[in-house]
Structure formats: C-alpha cells, structure tokens
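*Asks:* Got a structure for you, questions after.
The values are calculated or read from the model by the stated rules, or taken from the named source; none is laboratory data. Values in this document were obtained by computation on a predicted structure and should not be read as measured data. Methodologically, a virtual Cβ is constructed for each residue, glycine included, from the backbone with ideal geometry; neighbour enumeration extends over all protein chains shown.
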C-alpha cells in the first residue's frame, strides 16, 4: 500500500493488457485530434492509416519503443526486436513493404561502445532481411542509472492501396483464425533466462520480421483481421479482436501449436504460453472459404511451417474468447499485469 | 495445446478418458439423486480445474469448491508485519514470490522492498540458506506453505545451516483446517478431495481419523485433469454407497505412510500451535512453529520482533474471502471480484496469491454459460 492515494504509473500499465488501454485512452486519445485517418489513433490498432491526397495509396504509420531485459537474449537482441516490432506492426495493417524506418536511441552513460555497435549491427541485418531501410534517427544519452543500458524507438511508414489495409477489428462471424507458428517462444524463453533456469531443449525467442510471410498470406486469400501477439500474448490479441469486432471467438486449445520446450518450461514456471509475448508470429482472421488456401500458403513459407487453424469467429459471446481445452470449456481472459513465475 | 513433444507423459491428459469419467460422474449423480458438494483444499487443484475448464464437464448438481487451500491467503497480517519489521531492520528477508504482495497492516514486503529493504525472492529454503553462506548479514527465511514446503525447510534446518540463517515460520498444516471447515455450521461438504502433494509427505493414512470423526469421505487426488475426475468419481461412489471411506487416487505418488524420513524430520523441526488463519478462524494445531531443539534458528527467538502495528485487517472487512475459503461462496459471488479487487490491486487475500481461488478464477476467465 502506498503512502498516498496519488495515482502513479506502474509496471502493470506497461504489460500490454486492459490497464494500458485504459491509460492510453484516458491520457492520449482524448487529447489528440483524429483528423482524417481511415484508421485513427482511437482505433488503438497497430498503426494508423491515412489517405495520401489524391493518390491511390494510403499511408501507414506506426511507432514502437523497445526495452528488454536482458538486451541480448537467446534467439535475438534488442536491435532485432526494434526493427522486427515496427516492420511487423506495419505488416499487421497490410503494409508488407516498408518504405522507411527511423531509429532513435537513448543510451545510458557508461555503456560500452561495443554494446551499441552490436545492437546497430543487428538492426542493420534485420532491416536488410525485412527490406526495410532505416533512413533517419536520433541519439540521446542519459546519466548512468537513469535508464537501463539502451532503449530504442523505431517508427515506420508503409503504403497500402486505398481501402486495402487490414484492421484488427475486421473479424466477422464464420472467419477462421490462423496462427502462423508456435506460440509463447519469446516470452517463455526470456522469462526462463531472466530467472536463471536452464531448461534443456530449444528454448529461444522467435523474434523476426514477418512482413514477407504476411504478404504470402494476403496474396492467397482474404485476410480480414490481423494482430501480432506481442505483449499480453495470444490471449490478449484474441480478446482485442473479439471485442473490437463485437464477435465471439471459439478456440480449440489443442490446435494451438506450442513447442515441447515452451510447454514444459511454461509448466515449471507456472506461466501460460498463451499469455506471453511472441515477436515473430501472427494471428489472423481469414474468410472461411479461403482458410485452407491461406493456411497452405503460410505453411509453404519457412516461417509458417507450424501454422494452424485454431478457431473461428462466432455470433455468440460477443467480445469474449471461449477456449475448448480438450476437456471442458472456459473463457480465455486477458492476463493482468506482469507474468511472474509461480512458486508453490 | 498441440504440443510437439514425445517425452511428456500425457496419459493423464487424455480427453477420451476424461469423457468416460464424466459419463461415470453423470451416472453416479443419477444414482445419488440429490445435489453434492465436494471440497478440495489446494490451489493446485483449483488451478487445474480452472485451466482445463473441468467445471463445465460436471453433471448438474455436482459442485466443486475450494476450501482453505492457499497457505499464502491464510497467512495472518501480524506474520507479514513481522517479516516487514525484520526487513526494515536491515536483515535480508528471503521468501517465496507469492508472499511479496501479501498486505500487512501498513506494508507488504514488496512495499518494504520499494522503500529500500533487502527482500529476495527464492524458490526454495536451500536457496535462502545459500544466500546466508555468501554474506555476514542476517538472512531470515520467511517460510510459508503446507507440508510440501515445510519438509524442505526442516531439511535445511537439520543440515547445519549457516549461523546467520534463521527462519520465520508461517508454515501451515492442512488436516486441522479441514476439520475446522467440516465443523463450520454453514459449510455443507459431502466429500473432500485431499491434496496429493501434501499427502506425498504425510501419507493418506493420516486422513483416516478425519473420515471416521466427520463421517465424510476423503480421496487423495493428483493434479492432472484425469486425476481430478477420477478422484471425484471415487468420492461420488462413496457418497452413493453412504460410506465415509478413504481412498488414494494418486497412487503413483502417495503411499499410506507417506515419506517417513521427511515426516520425521518435519516433526523434529516443527511443532504445531494454534493460530489465526486469515479470514477463516482460529485453527487449533495448524500453525507450524520451530521446536525447542531448533530454536536457535527461530527468528522469533533470535530477534526482538515487535512490529509497531495492529488494528483491523484491511482485507477482510470489505470482501468475502472468509466465505470463499470456508467453501460457502464462489469468487464471482463477491461484488468486488475483478472490479475493485484485481491481482494488481487486491482487496482480499484470495486475490493476492497465485494459489488463491479469486486470482485463479480471474486468470482463467471463469466458465462460460454454454
């Protein structure tokens, strides 16, 4: 209990769930004009979509700040994360060919130059992999202890044909839900690394740009809604998709791909793989007639081998996600706050 | 989840077997012909029930409720205050992560930590002792949990721990609490599903006396979905036959005598005393305190702990935690549940711990009306 009743920002606000949404809506959305955007700030989507004068195209803009502990982790680092995060947010709006990215660094005084160099090297490689040129940036240094080593903000712009964007609110009854690969890898791997658990097996982050994979999917059928299940995990993404589209979502838990290493480590840590971040996966709604074709296309991509249809949008239970556990049913709720390993 | 592992033993998660067992539950309930309430006393049971949506499988009339099965939830406020006082007094306080957010009168250990106290999260008693080995400072292990964690605490104390190590015990002993719950006038329990992991230590034979005295059947159950459904079916058989029987439905881990060396060690190091179980009642012989023989490691003996706090429990005034832990109410019957009372901002102890019924219900979303 705090000494005063003054409301302060807590780490729970940053965990990507309902509390963060409330905060953003209260503090930001109410104060910023929406202008003429097709997808405005108020939509709280992965990015905004705005018409470009008389042209046929619409501009997609997104921005993301990245902090992660440890900064270098199994399967990636903060640099790869910063580029992938923004490329993926653009892709989630349908902009799979990023026009340009920015790179703003805030570095703690005392950080070895070599550390920054490694991060830059990784950003360069990932930007090349995604076909997303980094064209401008900024650097600030803060005092020792004022920030933990390094924080990176990346913004990105992309273009989609007018009306060709994919909102996260686009689900309608009957749409199938596809996840593009194994769930929980990034979150479980980082948590176990942070807690000092050394599990056997291939536990590593899935951080990667997924724009090419998304393009492949969009070419083979009608994708109605997309999200990359980062903070808050698949559980949060599905709840957001259901509530924004005012549909119910039924998920077959046994169909959700989870690697053996993640499942075991999740059990030991007491953490649900569905509640933790993925950094290289997509959950998308697909018109049911196209679902098999889109799934096949995704599976033919090296990043999508484990893709699966995991459920569908239904008329009942608007705004909620029902999980068939293979035993009984329950609601899948959004995780609250930080995911902490369970002890007893 | 579609888990791609060959090495995990999945026979206790076989949906087909679950279907057979639910059919059996249904036919047993038909035979019984009246509503039945089963109580379990373990957060891990509630976890599994909620996670696998097992309540949605139960036939009409069969209710399963969690009793006082969360050691953290029932840890009383003065006990937390003592740990906070020690931490603020410059000792290193090591404890399980679950204890961090449990509110004391004025502060939780988490609050004390934010104010600069040295509070460390550990995964075991031995890890706490290891901290003591690496420092000259006093390290106090704020120990919590039932027999499953009390036995490892005992093992550390019996193994000649460093001199600067001591234990502030908030360990609890389950069986007396089951008796209290069975005696509560409003609690109407037809059978108990006893906690399998505590019984690995104590053995299932321990419950014989309870079954005889309260004429209520008890079955020791494991934690996989099939274990739980099997345990329920066994209980319904006892109820149908009007037989206050005792059965072990967790034979791969639990024996009649339990883990005898662990038990001996536990009763060397600990003895029982009467104490307040937060929100429930004063429970006789259900708090584990350090015995005379090991009193040199008892933080109560070593330090003068006089928390300058007191007053009403801020938790239980506004919430129905007591009713929930006594098995007379479900979490979603509480008006605060998920609204004013959340894991980030708990009003009641049942929302604090990951073993707490309210937190579990919130985490796993509850059960749809379908």
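*Asks:* Looking at the structure I just gave you, is residue A:16 within 14 Å of chain B (Cβ to nearest Cβ) and either modelled with pLDDT of 90 or more or closer than 19 Å to residue A:283 by Cβ (or both)?
*Replies:* On the way: within 14 Å of chain B (Cβ to nearest Cβ): yes; either modelled with pLDDT of 90 or more or closer than 19 Å to residue A:283 by Cβ (or both): yes.
Taking the combined requirement at face value, the residue satisfies it.
Residue-by-condition table, conditions (1) assigned by TED's automatic domain parsing to the domain that holds residue A:242; (2) within 28 Å of residue A:316 (Cα to Cα):
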position	(1), (2)
A:167	no, yes
A:170	no, yes
A:180	yes, yes
A:185	yes, no
A:188	yes, no
A:192	yes, no
A:195	yes, no
A:198	yes, no
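Yes/no per residue for (1) within 18 Å of the chain's Cα centre (by Cα); (2) surrounded by 16 or more Cβ atoms within 10 Å (Cβ to Cβ); (3) more than 14 Å from every other protein chain (Cβ to nearest Cβ):
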{"position": "B:285", "(1), (2), (3)": "yes, no, yes"}
{"position": "B:336", "(1), (2), (3)": "no, yes, yes"}
{"position": "B:340", "(1), (2), (3)": "no, no, no"}
{"position": "B:353", "(1), (2), (3)": "yes, yes, no"}
{"position": "B:358", "(1), (2), (3)": "yes, yes, no"}
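*Asks:* What number of residues within the range A:258-271 satisfy the criterion of being at the interface with chain B (Cβ under 8 Å from one of its Cβ atoms), assigned to a loop (DSSP other than H, G, I, E, B) and buried (at least 21 other Cβ atoms within 10 Å of the Cβ)?
*Replies:* 1
*Asks:* Could you name every one of the strands (runs of 3 or more DSSP E) located completely within the range B:14-130 that has at least 1 residues being within 11 Å of chain A (Cβ to nearest Cβ)? Lay out the reasoning, then the answer.
*Replies:* Details: elements: B:36-40, B:62-66, B:92-95, B:119-121.
Result: B:92-95, B:119-121.
*Asks:* While we're here: Please work out which one of (1) surrounded by fewer than 22 Cβ atoms within 10 Å (Cβ to Cβ); (2) part of a loop (DSSP other than H, G, I, E, B); (3) away from chain B (no Cβ under 13 Å) is the condition residue A:291 fails and give its number.
*Replies:* (2)
*Asks:* Consider only pairs whose beta carbons are under 8 Å apart and that are at least six residues apart or on different chains; among these, list those whose first residue lies in the range B:290-304 and is on the phi > 0 side of the Ramachandran plot and whose second residue is surrounded by 13 or more Cβ atoms within 10 Å (Cβ to Cβ).
*Replies:* Here the result reads none, with nothing in the range B:290-304 linked to a residue that is surrounded by 13 or more Cβ atoms within 10 Å (Cβ to Cβ).
*Asks:* Does residue A:190 count as crowded, with 23+ Cβ neighbours inside 10 Å and out of contact with any helix residue (DSSP H, G or I) (no Cβ under 6 Å at 6 or more places or on another chain)? So that I can check it myself, show each step before the final result.
*Replies:* Numbers: crowded, with 23+ Cβ neighbours inside 10 Å: yes; out of contact with any helix residue (DSSP H, G or I) (no Cβ under 6 Å at 6 or more places or on another chain): yes.
Yes, satisfied.
*Asks:* When you check residue A:129 against the structure, is it in the same structural domain as residue A:149 (by TED's automatic domain parsing), touching a residue at least 12 places away in the same chain (Cβ under 8 Å) and assigned to a loop (DSSP other than H, G, I, E, B), yes or no?
*Replies:* Working: in the same structural domain as residue A:149 (by TED's automatic domain parsing): yes; touching a residue at least 12 places away in the same chain (Cβ under 8 Å): yes; assigned to a loop (DSSP other than H, G, I, E, B): no.
Here the answer is no, as residue A:129 does not meet what is asked.
*Asks:* Let me ask something else. Can you confirm whether residue A:131 is within 24 Å of the chain's Cα centre (by Cα) and within 23 Å of residue A:74 (Cα to Cα)? Before the answer, list the steps.
*Replies:* Values: within 24 Å of the chain's Cα centre (by Cα): yes; within 23 Å of residue A:74 (Cα to Cα): no.
For residue A:131, the condition - within 24 Å of the chain's Cα centre (by Cα) and within 23 Å of residue A:74 (Cα to Cα) - is not met.
*Asks:* Still on this structure, I have one more. I'm trying to understand the selection: among the residues of the range B:131-150, which are in a helix (DSSP H, G or I) and either closer than 20 Å to residue B:350 by Cα or within 13 Å of chain A (Cβ to nearest Cβ) (or both)? Quick ask: steps written out before the conclusion?
*Replies:* Taking the range B:131-150 first, the residues in a helix (DSSP H, G or I) are B:131-133, B:147-150.
If the condition is that a residue be in a helix (DSSP H, G or I) and either closer than 20 Å to residue B:350 by Cα or within 13 Å of chain A (Cβ to nearest Cβ) (or both), then B:147, B:148, B:149, B:150 are the ones that fit.
This table checks each residue for (1) closer than 17 Å to residue A:288 by Cα; (2) touching a residue at least 60 places away in the same chain (Cβ under 8 Å).
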| site | (1), (2) |
| --- | --- |
| A:176 | yes, yes |
| A:195 | no, yes |
| A:198 | no, no |
| A:207 | no, yes |
| A:214 | no, yes |
| A:250 | yes, yes |
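*Asks:* A further question on this structure: Name the residue, out of A:339, A:299, A:303, that is at pLDDT 95 or above, more than 8 Å from chain B (Cβ to nearest Cβ) and touching a helix residue (DSSP H, G or I) at 6+ places or on another chain (Cβ under 9 Å).
*Replies:* Values: A:339 fails: at pLDDT 95 or above; A:299 fails: touching a helix residue (DSSP H, G or I) at 6+ places or on another chain (Cβ under 9 Å).
Within the list A:339, A:299, A:303, the selection yields A:303.
*Asks:* Give just the number: which of (1) part of a strand (DSSP E or B); (2) within 10 Å of chain B (Cβ to nearest Cβ) does residue A:274 not satisfy?
*Replies:* (1)
*Asks:* If you check residue A:322 against the conditions, is it part of a strand (DSSP E or B), at the interface with chain B (Cβ under 9 Å from one of its Cβ atoms) and either touching a strand residue (DSSP E or B) at 6+ places or on another chain (Cβ under 7 Å) or at pLDDT below 95 (or both)? Walk me through how you get there before you give the answer.
*Replies:* On the way: part of a strand (DSSP E or B): yes; at the interface with chain B (Cβ under 9 Å from one of its Cβ atoms): yes; either touching a strand residue (DSSP E or B) at 6+ places or on another chain (Cβ under 7 Å) or at pLDDT below 95 (or both): yes.
Spelling it out, residue A:322 is indeed part of a strand (DSSP E or B), at the interface with chain B (Cβ under 9 Å from one of its Cβ atoms) and either touching a strand residue (DSSP E or B) at 6+ places or on another chain (Cβ under 7 Å) or at pLDDT below 95 (or both).
*Asks:* When you check residue A:96 against the structure, is it out of contact with any helix residue (DSSP H, G or I) (no Cβ under 6 Å at 6 or more places or on another chain) and not assigned by TED's automatic domain parsing to the domain that holds residue A:222, yes or no?
*Replies:* Values: out of contact with any helix residue (DSSP H, G or I) (no Cβ under 6 Å at 6 or more places or on another chain): no; not assigned by TED's automatic domain parsing to the domain that holds residue A:222: yes.
No.
*Asks:* Here is a follow-up. Among the residues of the range B:285-298, what is the count of those that are within 16 Å of residue B:75 (Cα to Cα) and out of contact with any helix residue (DSSP H, G or I) (no Cβ under 6 Å at 6 or more places or on another chain)? I'd like the intermediate steps shown before the answer.
*Replies:* First, pick out the residues of the range B:285-298 that are within 16 Å of residue B:75 (Cα to Cα): B:285-289.
Still in the running and out of contact with any helix residue (DSSP H, G or I) (no Cβ under 6 Å at 6 or more places or on another chain): B:287, B:289.
Residues in the range B:285-298 being within 16 Å of residue B:75 (Cα to Cα) and out of contact with any helix residue (DSSP H, G or I) (no Cβ under 6 Å at 6 or more places or on another chain): 2 in total.
*Asks:* Going residue by residue through the range B:244-251, is there one that turns out to be modelled with pLDDT of 95 or more, part of a loop (DSSP other than H, G, I, E, B) and within 21 Å of the chain's Cα centre (by Cα)?
*Replies:* No, there is no match, as no residue in the range B:244-251 is modelled with pLDDT of 95 or more, part of a loop (DSSP other than H, G, I, E, B) and within 21 Å of the chain's Cα centre (by Cα).
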